[in-house]
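Here the structure comes first, spelled out in structure tokens, and everything after it is commentary.
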Amino acid sequence: MRRNIAAFGGDPDHVTVAGQSAGAGSIAALLTMKPARGLFRRAITHSVPGTYCTPALAEQVTAALADRLGTAPTAAALSDVAPRRLAESVYSDALFRMPSLQLAQANAAAGGTSFLFELRLASPAFGGALGACHSLDVPLAFGTLDSPTGKGLIGDPPTPGALAVSRELQQAWVRFATTGDAGWAAYHPERQLTRVLDAESKTVPYPEQASRRIWECHAPAPFDLMREGL
């Protein structure tokens, strides 16, 4: 890429890489690999939560959590959460949210700059049951709302809110790639500001505080749950 980017009008000293879901994990891995040092200057990772658990699996996860995370803050934070919602939150936290948060924290500690956002725009598919589901960010980021995936996840025609989120997300990508500024306040461990993308977007302190408190003393390790037969 660095050898050939100039032929496309790019600057080899200002390469931005981006990935979603497993691609986001690949980007995070590149950030820590010595052979990748100096190959790119900025990174964009998208990892939208969106898991679904059956009632039986939800009960198993709840029981496992009581053993693994059975601290007072955990019990207080989750006392009113239904088992299925709890199970979905655990997997979303362990696979997506907490690794992203910890990456931002580590980058800040190393003197880097990160811009956190959380997609809250709910997909209308299946009567809204999917919420801000996994991969919803893809047609929004690329502006492909009229594609089969876009129509399936966002609706046809898309709502004004979806159009607004798509425009903001695209503008954030371009602004970040060209200037290093996504358009909202950078993440700081004390302020923890995060952009929440919705029909009416806003910048707020990190919105998943209950999860942050639960996981701050535990490394996200979903495969530990898998080894217990879940």
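All of the numbers you see were taken from the coordinates with simple rules; none came from a lab. Just so it is clear, the model here is predicted, and its values are computed rather than measured. No Cβ is skipped: glycine too gets one built from the backbone with ideal geometry, and neighbour counts run over all protein chains shown.
Of note:
- Förster-model FRET efficiency, 35 Å R0, LYS202 and PHE142, C-beta, rounded to 0.05: 0.90
- Base-10 log of normalised Debye intensity for the stretch 103-220 (one unit scatterer per alpha-carbon) at q = 0.19 Å⁻¹: -1.06
- In this structure the amide hydrogen of GLU118, modeled in the peptide plane, comes within under 5 Å of the amide hydrogens of ARG195, VAL196, LEU197, none closer than 5 places in sequence on its chain.
- Spin-label model distance (nm) - ALA109 vs VAL174, 7 Å beyond Cα toward Cβ: 3.7 nm
- Rounded, prolate or oblate (a/c below 1.5 giving rounded, otherwise prolate when a/b exceeds b/c) for the stretch 4-50 by Cα gyration tensor: oblate
- For ALA185 and ARG213, the difference between the fully extended length at 0.36 nm per residue and the C-alpha to C-alpha distance is 7.9 nm.
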